[in-house]
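The block underneath contains the structure these notes are about, expressed in structure tokens.
FYI, it's all coordinate maths here, none of it is from the lab. These figures come from a predicted structure and were not determined experimentally. Because the Cβ atoms are built from the backbone with ideal geometry, glycine has one as well, and the counts that use them run over all protein chains shown.
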Amino acid sequence: MKAFQPGEDSTIGVASYHDKTNEVKEFLERKTNIKELVDSGIVKVPRMFIHPPETIQSTPSLIQDDVHLHVPLIDFKGYQGDCRAEIVEEMRKASETWGMFQIINHGVPKIVMGMMLESIRQFHEQPKEVKMEFYSNINHKQKVLYYSSGSFSGPTLPHWRDTLFCILDDGVLDPKALPSICSLLL
């Protein structure tokens, strides 16, 4: 894929929509991932990940308004009692305004969170061939999905990230469905 060659100029420039469409198609066909792009030594973000100026201009910048911003912090203490409605409302507001939030007093031990993060990091550090067992941008019949960049269709631009995603339809995930490096946690 030409735009992914180390040192190659892959900014929007005068690239046509057709070129960008071909770049996305090749990215998906090759099952490229973000880590692979970074490890290849690219020096510029491929144009398919770059937002057009009109999109950026229509998005208000939080940083310009306040340089002391903090991700909303939601305390789960009392979530099973009288505080539940208040906590749900805090989560709704944080999701609408920030798109994310941090939770404290959730009951998950720090050692478990650390082990989970480490197993995910180790998954992403594995060779591409190992991760491809879980690769899918469209197969939601799989319970564990590995993909890069999210949606490439519609008005949404792809994201600059690799993701390991678990679908818990009934709240349960068979440990055998997980990558072996991640199932060591269980």
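Figure the gain on full extension for GLU129 and GLU54 (residue separation times 0.36 nm, minus the Cα-Cα span) and round it to one decimal in nm.
23.2 nm
On the beta carbon distance between SER183 and LYS110, with R0 = 22 Å, the FRET formula returns roughly 0.60. Go through LYS44/LYS110; LYS93/LYS131; LYS25/LYS131 and tell me which ones have a Cα-Cα distance over 32 Å in this structure. Beyond 32 Å: LYS44/LYS110; LYS93/LYS131. Stretching SER136 away from SER95 to a fully extended chain increases their span by 12.1 nm, per 0.36 nm per residue minus the current alpha-carbon distance.
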